[in-house]
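Report on the structure given below.
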C-alpha cells in the first residue's frame, strides 16, 4: 500500500492488466552528510532527508559507474528506492550523482 504503480491495460478488455510496474520512490537534493550507511540531503523547501545505502546500492555519475566515495558534501544527487518502514527514510537501490 502507498506505492505508485504504472498499469497497462488490455485494449479489448480494459479491466484486465497487461502489466503492472511498481514505481520507486525518488528523493533529490544537495548532500549535507555522508557515512558508510547513510546520505543526508536537503530536499525541496529545505527539509532534511536521510537515504539508507548498502553494498547493493548502485551509483552512477555522468552516466558512468561510481561509488559511495563519489558522493560528497555539496553534490546534488537523486536516489531511488523504497520508503523504509518508519516512513521517514529511503532505502536506496540506486543513486545518481549530479543533475
For region 69-91 the number of residues that are assigned to a loop (DSSP other than H, G, I, E, B) and modelled with pLDDT of 95 or more is 5
Looking for whichever is over 14 Å from residue 24 (Cα atoms), surrounded by fewer than 17 Cβ atoms within 10 Å (Cβ to Cβ) and over 13 Å from the mean Cα position of the chain (by Cα) here; the options are 55, 43. Which one fits?
-> 55
Tell me which of these residue 83 doesn't satisfy, since it passes every other one: (1) out of contact with any strand residue (DSSP E or B) (no Cβ under 6 Å at 6 or more places or on another chain); (2) surrounded by 15 or more Cβ atoms within 10 Å (Cβ to Cβ); (3) farther than 18 Å from residue 35 by Cα.
-> (1)
In the set 37, 94, the lone residue that is more than 12 Å from the chain's Cα centre (by Cα), at pLDDT 95 or above and surrounded by 10 or more Cβ atoms within 10 Å (Cβ to Cβ) is 37
What is the residue count in region 55-77 for residues that are within 14 Å of residue 99 (Cβ to Cβ), in contact with a strand residue (DSSP E or B) (Cβ under 7 Å, 6 or more places away or on another chain) and free of Cβ contacts under 8 Å to residues at least 24 places away in the same chain?
-> 0
Restricting attention to region 7-21, does a residue exist that is within 15 Å of residue 94 (Cβ to Cβ) and either touching a strand residue (DSSP E or B) at 6+ places or on another chain (Cβ under 8 Å) or modelled with pLDDT of 85 or more (or both)?
-> no
Taking residue 66, is it more than 15 Å from residue 89 (Cα to Cα), modelled with pLDDT of 85 or more and loosely packed, with under 12 Cβ neighbours inside 10 Å?
-> no
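The values are calculated or read from the model by the stated rules, or taken from the named source; none is laboratory data. Keep in mind that what you see is a predicted model, and the values were worked out from it rather than measured. Using ideal geometry, Cβ is built from the backbone for each residue, glycine included, and neighbour counts are taken over all protein chains shown.
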